[in-house]
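To start, the structure itself, in structure tokens.
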Amino acid sequence: MKFCSQCGESVIQTIPEGDNRLRYVCKHCNTVHYRNPRMVVGCIPEHQGAILLCKRAIAPRIGYWTVPAGFMELDETLGEAAVRETFEEAEATVELGELITVVDVQQAGQVHIFFESKLPVAKFGAGAESLETKLFLPEELPWNDIAFPSVRIALEHFLSCRKSGQWRLHLTAAPHMDFKHRSS
């Protein structure tokens with residue numbers, strides 16, 4: 001950040017009075033600009049034991065598989081964001097279930113939040129951010145081609161909960177990942 005969004009003057013990094021970490025502060029109007037993690041929200045849609053995944057058409061990780069998920073908007077709830085993202089990326093309408101996984105992705109300044117959900121009808125397609133969508137039985141999941149550690153964590157936890165029959169919230173942090181892009 002170089003300039004204040006309030007007055008347009010330059011900002012400096014300093015620890016504001018009463019705070020405990022570096023923040024961007026406007027030298028002119030003294031506005032403190034907080035930078036906080038962004039929320040990525042998604043679903044693990046299930047239809048008759050199979051899980052719906054999307055092959056990414058956008059960077060990072062083009063060509064890798066993920067669950068439908070994306071950035072939450074200001075005017076929606078977590079659940080609304082998860083349902084919207086599922087429709088946008090997989091053209092699928094889901095019945096939202098339990099919140100099951102929250103993953104801190106510190107290197108990206110994000111928190112990834114996943115719900116289990118039901119896909120009542122096997123009706124889906126590839127939205128603008130997906131190359132293709134496909135239902136996978138658990139033993140068919142493309143583990144070596146999962147886009148992000150947070151998605152792997154969410155899928156593993158989902159399968160564990162489904163096996164035990166007990167849905168419980170799993171909170172964790174994702175390991176650091178070096179993003180290498182795939183061209184296709």
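The values are calculated or read from the model by the stated rules, or taken from the named source; none is laboratory data. None of these values were measured; they are calculated from a predicted model. Note: ideal-geometry Cβ built from the backbone for every residue, glycine included; neighbour counts use all protein chains shown.
Which of the following residues is in the same structural domain as ARG56 (by TED's automatic domain parsing) and in contact (Cβ under 8 Å) with a residue 24 or more places away in the chain: LEU99, LEU74, LEU159?
Among LEU99, LEU74, LEU159, only LEU99 is in the same structural domain as ARG56 (by TED's automatic domain parsing) and in contact (Cβ under 8 Å) with a residue 24 or more places away in the chain.
Residues that are under 23 Å from ARG162 (Cα atoms) and among the aromatic types (Phe, Trp, Tyr): does segment 66-77 have at least one?
no
Taking segment 116-133, which residues are under 23 Å from ALA57 (Cβ atoms) and either out of contact with any Lys or Arg (no Cβ under 9 Å at 6 or more places or on another chain) or at pLDDT below 95 (or both)?
Across segment 116-133, the qualifying residues are SER117, LEU119, ALA122, LYS123, GLY125, GLY127, ALA128.
State all residues of segment 116-129 that are farther than 11 Å from THR86 by Cα and assigned to a strand (DSSP E or B); if no residue qualifies, say none.
GLU116, LYS118
In this structure, is GLN107 assigned to a helix (DSSP H, G or I) and more than 21 Å from PHE158 (Cβ to Cβ)?
Yes, satisfied.
Which strands (runs of 3 or more DSSP E) sit wholly inside segment 1-54 and have at least 1 residues that are in contact (Cβ under 8 Å) with a residue 24 or more places away in the chain and either touching a strand residue (DSSP E or B) at 6+ places or on another chain (Cβ under 7 Å) or outside the structural domain of GLU156 (by TED's automatic domain parsing) (or both)?
38-47
Which members of segment 138-153 meet the condition of being of a type in the set (A, V, I, L, M) and farther than 17 Å from ALA90 by Cβ?
ILE153 - this is the single residue of segment 138-153 that is of a type in the set (A, V, I, L, M) and farther than 17 Å from ALA90 by Cβ.
For segment 81-96, give me the residue count where each residue is surrounded by fewer than 20 Cβ atoms within 10 Å (Cβ to Cβ) and not in a loop (DSSP other than H, G, I, E, B).
So the count comes out to 5.
State all residues of segment 97-153 that are buried (at least 17 other Cβ atoms within 10 Å of the Cβ) and touching a Gly at 6+ places or on another chain (Cβ under 7 Å); if no residue qualifies, say none.
Passing the criteria: PHE114, PHE115, GLU116, SER117, THR133.
Yes/no matrix, rows are residues, columns are (1) outside any loop (DSSP other than H, G, I, E, B); (2) over 13 Å from the mean Cα position of the chain (by Cα):
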site	(1), (2)
ILE58	no, yes
GLY70	yes, no
VAL102	yes, no
LEU155	yes, no
PHE158	yes, yes
